[in-house]
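Just below is one structure, and these are the notes that go with it.
No value in this document is a laboratory result; all are computed from the given coordinates. Bear in mind the structure is a predicted one, so any value in this text is a computation, not a measurement. As a convention, Cβ positions derive from the backbone with ideal geometry for all residues, glycine included, and neighbour counts pool all protein chains shown.
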Amino acid sequence: MDISVSREIAAPARRVWDLLVDWERQGEWMPLTKVRVLPGPREGAGTRLEAVTGVGRAAVADPMEVVDWVPPGRCVVRHDGRVLRGSGTFEIEPLSADRCRFTWREDLSAPGGAVGEAVFAGLGRVSTAFFGYALGRLARLAER
């Protein structure tokens with residue numbers, strides 16, 4: 001499943017970056033998500049995280065590791081979970097001193113063969129809308 005959403009944000013690239021990599025605050029803009037940093041570094045390549053998205057038994061744990069770190073423009077994570085496997089990329093492109101473009105891409109593999117692929121196909125459309133909504137929340141937070 002490949003998902004990509006992008007949005008211009010009326011805030012400096014560094015402000016958006018700082019919000020993005022304040023891992024525990026991601027729940028402020030990613031709905032139904034809590035993120036915690038696992039033991040080890042808090043920033044840079046090698047940082048390990050666990051995001052939990054959903055409610056109750058419908059929640060999905062998403063362990064991941066930062067594998068590429070170029071502040072304030074690019075962060076790539078490798079998803080290492082049972083359900084979510086693949087990579088996620090956040091890119092921030094400065095457009096001016098007080099405006100940037102944020103792009104979020106996910107390249108995820110379906111678990112469990114044909115059944116997993118069918119489920120992921122349906123989730124792709126929902127996920128794109130979810131990510132677009134999250135980017136709107138991030139923009140409002142950064143623009144305050």
Along the range 103-109, Karplus-curve 3J(HN,Hα) (6.51, -1.76, 1.60; θ = phi - 60°) to the nearest Hz, with x for Gly and Pro, reads 10, 10, 10, 10, 10, 10, 8
ARG74-ARG42 pseudo-label distance in nm [points 7 Å out on the Cα-to-Cβ vector]: 2.6 nm
Amide H neighbours of LEU84 at under 5 Å, excluding residues fewer than 5 places away on the same chain, with H built from the backbone geometry, are none
Hey, can you grab everything whose amide H is under 5 Å from the amide H of LEU38? Only 5+ residues off in sequence or another chain; H modelled, so Pro and N-termini drop out. ARG48, LEU49, GLU50
Diffusion constant of the range 1-52 at 25 °C, which comes from Stokes-Einstein with the Kirkwood Cα-pair radius and 0.890 mPa s, µm²/s: 194 µm²/s
What FRET efficiency would be calculated for the residue pair ARG85, GLU24, taking the C-beta separation as r and a Förster radius of 35 Å, to the nearest 0.05? 0.90
Rounding to the nearest 10 and keeping the result within 0 to 90°, find how far the Cα-based axis of helix 113-143 lies from the longest principal axis of the chain. 20 degrees
Take the alpha carbon atoms of the chain, find their radius of gyration, then divide it by 2.2 N^0.38 Å using N residues; give the quotient. 1.02
Around THR33 (Cβ within 15 Å, Cβ-to-Cβ, excluding THR33; K/R +1, D/E -1) the net charge comes to -2
HN-Hα J in Hz across the range 4-18 - Karplus 6.51, -1.76, 1.60, θ = phi - 60°, x for Gly and Pro: 9, 9, 9, 7, 7, 10, 7, 7, x, 4, 4, 5, 5, 4, 4
Determine the calculated [θ] at 222 nm for the chain from helices alone, applying -39500 (n - 2.57) to every DSSP H run no shorter than 4 residues and normalising by the residue count; nearest 500 deg cm²/dmol. -9500 deg cm²/dmol
